[in-house]
Amino acid sequence: MAVQIDEIDKKILNLLSADARTPFLEVARKCGVSGAAIHQRVSKLEAAGMFKGSCYLMNEIALGYTTCAYVGVHFEKGGLYQSVLEQLKKIPEIVECHYTTGNLGLLMKIYARDNSHLMEILSRQIQEIPGVASTETFISLEQPIQRQVSIK
């Protein structure tokens with residue numbers, strides 16, 4: 001269902017994507033409309049599927065996960081995607097997984113306690129999955145940009 005969004009809707013989306021805990025009355029004040037109007041508009045945006053959800057974002061480093069890596073998976077053959085994916089879903093350190101074009105079958109984001117933990121995840125879990133031909137690993141040194149899509 002395609003929904004038309006106006007400038008106020010865009011402002012609401014930008015405010016809530018920056019901080020989902022922003023009180024509706026504060027959103028209303030910043031948008032120059034009533035609190036009731038914000039409730040109606042947010043309900044309309046939710047019904048249209050504009051929100052994936054709301055949650056607290058964890059600080060991985062504070063939780064002891066100091067290594068962030070991007071791991072590409074090469075399949076033995078293309079038809080193994082589903083079976084490999086089902087096994088990858090069982091590995092809690094994998095926080096994102098994308099089915100991609102190009103040389104990789106999948107690209108994953110993994111958080112590990114350290115490089116040794118990452119090596120264990122790679123060699124004892126991911127590379128042991130039937131259908132995984134090989135992996136390529138890129139360790140992230142820093143994440144200088146992290147943001148939501150901007151609504152213009």
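The numbered conditions (1) within 25 Å of Ala20 (Cα to Cα); (2) at pLDDT below 95; (3) touching a strand residue (DSSP E or B) at 6+ places or on another chain (Cβ under 9 Å) are all true for Tyr81 except (1).
Only strands (runs of 3 or more DSSP E) whose full extent lies in region 93-152 are considered here, and the ones with at least 3 residues that are touching a residue at least 24 places away in the same chain (Cβ under 8 Å) are 106-112, 132-140.
Residues that are in contact (Cβ under 8 Å) with a residue 12 or more places away in the chain and more than 24 Å from Ala112 (Cβ to Cβ) within region 71-80 comprise Glu76, Lys77, Gly78, Leu80, listed in sequence order. Within region 99-121, the set of residues being exposed (fewer than 13 other Cβ atoms within 10 Å of the Cβ) and under 14 Å from the mean Cα position of the chain (by Cα) comprises just one member, Tyr99. Among the numbered criteria (1) farther than 30 Å from Ile139 by Cα; (2) in contact with a helix residue (DSSP H, G or I) (Cβ under 9 Å, 6 or more places away or on another chain); (3) not in a helix (DSSP H, G or I), which one does Leu25 miss? The number of the failed condition is (3).
In region 122-141, the qualifying residues are those that are β-branched (Val, Ile, Thr) and closer than 24 Å to Met58 by Cβ, and the one that is surrounded by the most Cβ atoms within 10 Å (Cβ to Cβ) is Ile126.
For region 72-92, filtering for residues that are touching a Gly at 6+ places or on another chain (Cβ under 9 Å) and either surrounded by 10 or more Cβ atoms within 10 Å (Cβ to Cβ) or not in a loop (DSSP other than H, G, I, E, B) (or both) leaves 12.
Which ones in region 35-54 are of a type in the set (Ser, Thr, Tyr) and free of Cβ contacts under 8 Å to residues at least 24 places away in the same chain?
The one that is of a type in the set (Ser, Thr, Tyr) and free of Cβ contacts under 8 Å to residues at least 24 places away in the same chain: Ser43.
Screening region 6-42 for residues that are within 20 Å of Ser150 (Cα to Cα) and among the small types (Gly, Ala, Ser) and picking the one that is surrounded by the fewest Cβ atoms within 10 Å (Cβ to Cβ) gives Ala18.
The values are calculated or read from the model by the stated rules, or taken from the named source; none is laboratory data. Everything numeric here is computed off the predicted structure, so don't read it as measured data. Cβ: placed from backbone, ideal geometry, glycine included. Neighbour counts: every protein chain shown.
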